[in-house]
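The values are calculated or read from the model by the stated rules, or taken from the named source; none is laboratory data. What you see is a predicted model, and the numbers here were worked out from it, not measured in a lab. In this analysis, Cβ positions are derived from the backbone assuming ideal geometry, glycine residues included, and neighbour counts consider all displayed protein chains.
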Amino acid sequence: MKKILSILLLTLSVHMSGQKISFYKSPLDSVVMKMEEYFSGKIFFVPDTASTDRFTIRTDDESKFVLQALDLLKNQGYSVTMKDGNMFILKGVGISTSLPVQYFQKSMPTVYGSEDYLGALSDDAKVANFANKVYEIGREENCKGGKLFLSGKVQNVSNGEPLVGVSVYSADGKSFTQTDEFGQYKLQLPSGANKVIASGFSLNDVELDVRLYETGNLDIIMKEKVYSLNSAVVSAESSNNRKSNKMGVELVRIGRIKHVPTVLGEADVLKVLVTLPGVKSVGEASGGFNVRGGATDQNLILFNDGTIYNPTHLFGLFSAFNPDVVTDVELFKSSIPAEYGGRLSSVLEIRGREGNEKKVAGSLGVGLLTAKGHIEGPFTKKGKTKFILGARTTYSDWMLGLLPKNSGYNQGTANFYDANASISHKFNNNNSIYAYGYYSKDKFSFSVDTTYSYYNINGSLKFRSNFSEKHSMVFSTGYDEYGYNVLDTHKDIEAYNLNFRIQQAFAKFKFKSVLGKHTLNYGLTGTYYYLTPGTMLPYNIPGLEASLVVPKILDQEMGAEAAAYISDTWDMTESISADIGVRYSAFANLRPFTYYGGPEFRVSAKFLLSDKVTLKAGYNSMRQYIHMLSNTTTMSPTDIWKLSDADIKPQTGWQAAMALYAMMFNNNVEFSLEGYYKSMDNYLDYKSGSVLIMNSNLVEDVIETRGRAYGAEVMLKKPLGKLNGWVSYTYSRTLLQDKQDAGSVFAVNGGEWYPAAYDKPHDVKFVGNFKFTHRYSISMNVDYSTGRPTTIPVGKYVYGGGYRLYYSDRNAYRIPDYFRMDLALNIEPSHNLKKLSHFSITMGVYNVTGRKNAYSIYYDTTSGEKVQGYMLTIFGAPIPYINLNVKF
Amino acid sequence: MKEAYKYITLCVAAVLCVASCIYPFTPEEVPQEIGLLVMEGEINAGIESSFTASESFSLLAENVKAKSLELSDIYVESESGKKYTSYRTQKTEDYKFEGDSKLSYIVDTRALDREERHKLVFSCKGKKYETVWLEFVETPVIDSITYRVADDKSKLDVLVHATGISDSLRYFKWEYREDWEFHAVYQQQYILVNNVPEKLPPGVPENYYCWNKAFSSDINLLSTTGLSENRVKDHLITSIGCTNKRLMDLYSIEVYQKGISEEAYKYWDTMLKNNEGTGGIFAPQPNELRGNIYCIDDPEEMVLGYIISCAVEKMRVYIKAQDHRIYRDPEDCTPFQWFPNPDKGEFEPSPTWGVYVYDEETGDLFYVEDRCLTCLRHGTKDKPDFWPTKHE
């Protein structure tokens, strides 16, 4: 909590230095920033980048600065109002400190006749962003006492977009909630006077005096911190970890994502995850990510409710989401809400933006690899119907030529593009409908005669309705498709065209009811899967002999998954609360009919040990009915997905975790310690010598394993201040065991436990940002981890006239440790709005130390003549980049 | 779109160096599993069968060669109990083995019954080993061997063509032996005797023509499963670069074609991937398959290698330099003129250099390095018995 102000006087701080202050044709925000240094209260103003008002002030006596500035503001038609020790600067009409006439005539009145900009945000609800203004909800005479609900939407002041994951809580800490995916919150409060705080990382806290007489609505608008725009801090909400019942939830807003140094400066919503503790990847060019020892296919990746099976472009170097249309990403790595299911280790929600509700806006960008653009805005003046369209494409062929010859890619070509569209319509405050569409496609070849391509298609429709103050519902339905194609033309009679496809249709009903101390979430979900596991057809190359490939079509797989869930967020006492959920999931493979089903439990509890220390514990169990089969280290575009059937059992797993959160150093630093143990069963690994593509009898080529993972994550986070960022250390292990061939000489590693390919026991991550001035800041990333396990030969022999390698245990050796440091210098635009264009510049160097990190190590015998060990590095030198953003 | 504003993002790379690269790498000491038995050979019919045993050795040790192992009680046994025993041993040159030769055991299987299943039985270091029962696999004849010159004339590909016998025999393996004749870059015409050029007698100099031979060292497999015809077309046997001495004069290749079982195909295919296909971004991870040889005394023992029972079809072709004309000699053999006044520092040939040409009119001498006048650096004078050309 910040300063508490009750003085109604304008107080000036006394500065001893007698500094000179001068502003020349500066915009309002620059002047206000300076004024704040000399003013003990808060200063509120409307940041309007379109304003051409400029101020020139010159004073030799800084103590007179504020008074001079105020005079100047008044001369230029601004009104300055003092209220509760705070200053309100508004263009034109001043703020009224008394209630408007006829305020009590409607039960849900609209306030703020005078503030046009606020009115634009929401036409039929109360909107609040001013501290120390008293917001009265309902009529005092109707007040019956007891507990009441305050609900509403939290929006970004600049474009009216909903803000997700913002903590809304009472100042006494007894009530806490977070905004949902629509930016909606619902807080239970005692009737009467309350102090309600809304805080979100990188957002200015909003502290509101609310007099709650009846259950009612209050929308809150928040603005991004002026100084933190540039910060490279990637972090979840700082207060969420302490206050929510859940553990291991990470929310990252796009503003942060765009400031994390990346290869070639391309903002990436997935790469940012790897900077979080507990999230690992096998290497720099790897599409998937591993959460707390889970495999890459155990992450449910949802983009606007649609499932994304391959979230990457360009062999995994980039993620398949256009950062311009994404608002935030949220990763659940431990406590997974009961509404989600179908994957074992995590849920990643990527939320698209709804679009600017105030005006039509857009962007165009040209980068080293991509060209992109987007346009967004309202269809009507009131902003009830909004749209956003985005597209991105690449011209990355040139980069492939720079890849090493042996990587097999330097003769290749690569293209990708993605497109997004969404439309939302708000019928009224309680009913909205959303439509989303997404398409991404990659096409690449390693050599002239083999072309690979893959695509994702998603379309979904979502309807949200608040039946009453206590009950709300979201219904969504949609269609997802993922497929890939391989065209091999290396020889005429063997030329073929191979296709793989997953299609799924889903429907989800989600309900939420608030009943006293209980908040119930319950619902039903259903998914229908239709897999075309392989279609191989002859391909006739013109002018050559016709292909002799026999058309082969693997049997389609059909399955239906349904689940019902209920969970209760129960505030038992002031210091103990819990989320208790159960989900029953059922799956039927329809051909031949095979049924699996079972309950899943999601329990987490919070104990407030003191104001500053929170203890949490949780248990989750999960079931997974669709599996990815792969014999490569990284997620590859030709990996097979397979439904559970009579032979391939569902994967099951559970995770138990405990966590301790504490605020330290005057609440400036948050300490967290999370520990977990995870068990997995029926995870599929490949059998030695397996061929997975076009395999009609896959069960012969895979092994069922059991897995266990455990670890501890320690993190110190300083979200605010000149120096902000965090440092984390993770110890974790992930081990698998071949349970199918147990006891046989054919068992992988003799049936002993062996490390998974992403088992990297130690890792240290540092993300930091230091602000020199308002315009200049530097960001730094440091990433160290143990090298990943790999299989290397343990001997050689002569066979068939050449040297051959002998491999023994799987993943018995490790590649060298990984270390990388990235630096970026950010220069924010000048505050001079008279300039026609504004430049912001980000200069960075990826891998500053130029360490040659191994992606893989391997041996090659080149036709048996020579045995040589090699190390493949992907980015083995410092890679500088400059991003120049021009806004006009 | 009046109110629209636009961002233009210009991403400029000040210095772009995507420095992804492959570096030679030697891991720290990794415990080596040495001394595993490696068994190689096949049970043939109509011809003798040859078997070789060796041991696996350290990957890290340089200049260490494979060691041939001595076998005892080696025989091929049919399911009906008939035994074909080893009747002699044979030493073959192979620089990859200690003493530059390997020891093979020859079993007389000329009268092998193709209808029966057989197994190989042998003892090594006091332990008894045997294979599983092996079905005899027939091999189709080679239809033809052709070659194809790359568009840029950088290489010549030798291709094999065959037609499968039956629909069930769809897995193939090839090996080959190459022989080639080539010559030194220049024929020496003069010799200096007391600093006076003396013309050599007419005829081809002794070290002008040489021969060399080589055996395949790669694993070459093909499966025609999935094709509507059981046919091998344009299958690459070997690829020869345009600067390879093989293409200088006359090249001969004898290709051995073998029909193999599906299990054998899988075993060797895995071996191939383990040796040549690992390390890439999407490369499959290496893994070891067990072969079909087991130690009776210790069934857990890992024995490397796979024994098959098959017929061998072979075909030899010759490829003449004048037909493809892509050979480019890689050696720098520019003749230098010798100036009579070396004191002026102009040029003095090394005493080991030979005279190539002597211009009798001007008295100028042209020298080339010794290596350009002899073929012995790349071959021997051992002409194969079957070689068709004569140079005397």
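Scan region A:857-882 and report the pairs whose first residue is more than 7 Å from chain B (Cβ to nearest Cβ) and whose second residue is polar (S, T, N, Q), with Cβ atoms within less than 6 Å and a gap of 6+ or a chain change.
Partner pairs satisfying both residue conditions: A:Pro878/A:Asn847.
Can you tell me which condition B:Tyr318 does not meet? The list is (1) of a type in the set (Phe, Trp, Tyr); (2) modelled with pLDDT under 95; (3) more than 24 Å from B:Asp94 (Cβ to Cβ), and all the others hold.
Exception for B:Tyr318: condition (2).
Just wondering, is there one or more residues in region A:581-604 that are under 22 Å from A:Glu670 (Cα atoms) and touching a residue at least 40 places away in the same chain (Cβ under 8 Å)?
Yes.
Would region B:233-255 turn up any residue that is of a type in the set (Phe, Trp, Tyr), in contact (Cβ under 8 Å) with a residue 12 or more places away in the chain and surrounded by fewer than 20 Cβ atoms within 10 Å (Cβ to Cβ)?
no
Restricting attention to region B:256-275, and to residues there that are outside any helix (DSSP H, G or I) and within 12 Å of chain A (Cβ to nearest Cβ), which single residue is surrounded by the most Cβ atoms within 10 Å (Cβ to Cβ)?
The qualifying residue surrounded by the most Cβ atoms within 10 Å (Cβ to Cβ) is B:Lys258.
Would you confirm whether or not region A:378-392 contains a residue that is under 30 Å from A:Ala709 (Cβ atoms) and assigned to a strand (DSSP E or B)?
no
For region A:750-795, enumerate the residues that are of a type in the set (Phe, Trp, Tyr) and either assigned to a loop (DSSP other than H, G, I, E, B) or over 27 Å from B:Gly279 (Cβ atoms) (or both).
Correct list: A:Tyr758, A:Phe766, A:Phe770, A:Phe772, A:Tyr776.
β-branched (Val, Ile, Thr), within 30 Å of B:Lys128 (Cα to Cα), under 25 Å from the mean Cα position of the chain (by Cα) and facing chain A (nearest Cβ under 8 Å): does that describe B:Ile219?
Values: β-branched (Val, Ile, Thr): yes; within 30 Å of B:Lys128 (Cα to Cα): yes; under 25 Å from the mean Cα position of the chain (by Cα): yes; facing chain A (nearest Cβ under 8 Å): yes.
Criteria met by B:Ile219.
Scan region B:276-318 for residues that are within 11 Å of another protein chain (Cβ to nearest Cβ) and of a type in the set (Phe, Trp, Tyr) and jot them down.
B:Phe282, B:Tyr294, B:Tyr306
Of the residues that sit in region A:681-710 and are polar (S, T, N, Q) and within 11 Å of chain B (Cβ to nearest Cβ), which one is farthest from A:Ser808 (Cα to Cα)?
Of everything passing the filter in region A:681-710, A:Ser690 is farthest from A:Ser808 (Cα to Cα).
Could you list, in sequence order, the residues of region A:690-724 that are polar (S, T, N, Q), touching a strand residue (DSSP E or B) at 6+ places or on another chain (Cβ under 6 Å) and over 20 Å from A:Ala757 (Cβ atoms)? Spell out how you get there, then give the answer.
Pass one, region A:690-724, residues polar (S, T, N, Q): A:690, A:695-697, A:705, A:724.
Cutting the leftovers down to touching a strand residue (DSSP E or B) at 6+ places or on another chain (Cβ under 6 Å) gives us A:705, A:724.
Scanning region A:690-724 gives a single hit, A:Asn724.
Determine if region A:342-365 includes at least one residue that is in contact (Cβ under 8 Å) with a residue 60 or more places away in the chain and assigned to a helix (DSSP H, G or I).
Among the residues of region A:342-365, not one is in contact (Cβ under 8 Å) with a residue 60 or more places away in the chain and assigned to a helix (DSSP H, G or I), which makes the answer no.
Would you confirm whether any residue within region A:679-694 is of a type outside the set (D, E, K, R), more than 30 Å from A:Phe315 (Cβ to Cβ) and touching a residue at least 60 places away in the same chain (Cβ under 8 Å)?
No, region A:679-694 contains no residue that is of a type outside the set (D, E, K, R), more than 30 Å from A:Phe315 (Cβ to Cβ) and touching a residue at least 60 places away in the same chain (Cβ under 8 Å).
Looking at this structure, is A:Asn826 of a type in the set (S, T, N, Q), crowded, with 18+ Cβ neighbours inside 10 Å, touching a residue at least 24 places away in the same chain (Cβ under 8 Å) and part of a strand (DSSP E or B)?
yes
Is it the case, given these coordinates, that A:Ile336 is modelled with pLDDT of 90 or more, out of contact with any helix residue (DSSP H, G or I) (no Cβ under 8 Å at 6 or more places or on another chain), in a strand (DSSP E or B) and on the phi < 0 side of the Ramachandran plot?
It is false that A:Ile336 is modelled with pLDDT of 90 or more, out of contact with any helix residue (DSSP H, G or I) (no Cβ under 8 Å at 6 or more places or on another chain), in a strand (DSSP E or B) and on the phi < 0 side of the Ramachandran plot.
Can you find, within region A:340-368, the residue that is farthest from the other protein chains (Cβ to nearest Cβ) among those that are basic (Lys, Arg) and over 30 Å from A:Gln655 (Cα atoms)?
A:Arg353
Given B:Tyr208, B:Tyr147, which one is surrounded by fewer than 20 Cβ atoms within 10 Å (Cβ to Cβ), among the aromatic types (Phe, Trp, Tyr) and touching a Leu at 6+ places or on another chain (Cβ under 7 Å)?
B:Tyr147
Which of the residues that make up region A:279-294 are more than 14 Å from chain B (Cβ to nearest Cβ), of a type outside the set (A, V, I, L, M) and closer than 14 Å to A:Thr786 by Cα?
Result: A:Lys280, single match.
Please work out which one of (1) surrounded by 15 or more Cβ atoms within 10 Å (Cβ to Cβ); (2) within 12 Å of chain B (Cβ to nearest Cβ); (3) not polar (S, T, N, Q) is the condition A:Leu487 fails and give its number.
Result: A:Leu487 fails condition (2) only.
Could you check region A:665-701 and list, in sequence order, the residues that are of a type in the set (Gly, Ala, Ser) and assigned to a strand (DSSP E or B)? I'd like the intermediate steps shown before the answer.
Looking only at region A:665-701, we keep the residues that are of a type in the set (Gly, Ala, Ser), and these are A:672, A:675, A:679, A:688-690, A:696.
Once the filter is applied, which keeps residues that are of a type in the set (Gly, Ala, Ser) and assigned to a strand (DSSP E or B), region A:665-701 yields A:Ser672, A:Gly675, A:Ser679.
Out of all the residues in region A:647-654, is one or more assigned by TED's automatic domain parsing to the domain that holds A:Ala338, over 30 Å from A:Gly287 (Cα atoms), buried (at least 16 other Cβ atoms within 10 Å of the Cβ) and out of contact with any strand residue (DSSP E or B) (no Cβ under 6 Å at 6 or more places or on another chain)?
Checked against the condition, which is being assigned by TED's automatic domain parsing to the domain that holds A:Ala338, over 30 Å from A:Gly287 (Cα atoms), buried (at least 16 other Cβ atoms within 10 Å of the Cβ) and out of contact with any strand residue (DSSP E or B) (no Cβ under 6 Å at 6 or more places or on another chain), region A:647-654 yields no hits at all.
For B:Leu200, all conditions in the list (1) over 17 Å from B:Lys381 (Cα atoms); (2) surrounded by fewer than 18 Cβ atoms within 10 Å (Cβ to Cβ); (3) touching a Pro at 6+ places or on another chain (Cβ under 9 Å) hold save one; what is the number of the exception?
Against the list (1) over 17 Å from B:Lys381 (Cα atoms); (2) surrounded by fewer than 18 Cβ atoms within 10 Å (Cβ to Cβ); (3) touching a Pro at 6+ places or on another chain (Cβ under 9 Å), B:Leu200 comes up short only on (3).
Looking only at region A:795-821, which residues are of a type in the set (A, V, I, L, M, F, W, C) and either more than 7 Å from every other protein chain (Cβ to nearest Cβ) or surrounded by fewer than 23 Cβ atoms within 10 Å (Cβ to Cβ) (or both)?
A:Ala812, A:Ile815, A:Phe819, A:Met821 - these are the residues of region A:795-821 that are of a type in the set (A, V, I, L, M, F, W, C) and either more than 7 Å from every other protein chain (Cβ to nearest Cβ) or surrounded by fewer than 23 Cβ atoms within 10 Å (Cβ to Cβ) (or both).
Scan region A:520-540 and tell me whether some residue there is modelled with pLDDT under 90, under 24 Å from A:Asp180 (Cα atoms) and either assigned to a strand (DSSP E or B) or not acidic (Asp, Glu) (or both).
Taking every residue of region A:520-540 in turn, none turns out to be modelled with pLDDT under 90, under 24 Å from A:Asp180 (Cα atoms) and either assigned to a strand (DSSP E or B) or not acidic (Asp, Glu) (or both).
So A:Ile566 clears everything in (1) over 19 Å from A:Gln651 (Cα atoms); (2) modelled with pLDDT under 95 except one condition, right? Which one?
(2)
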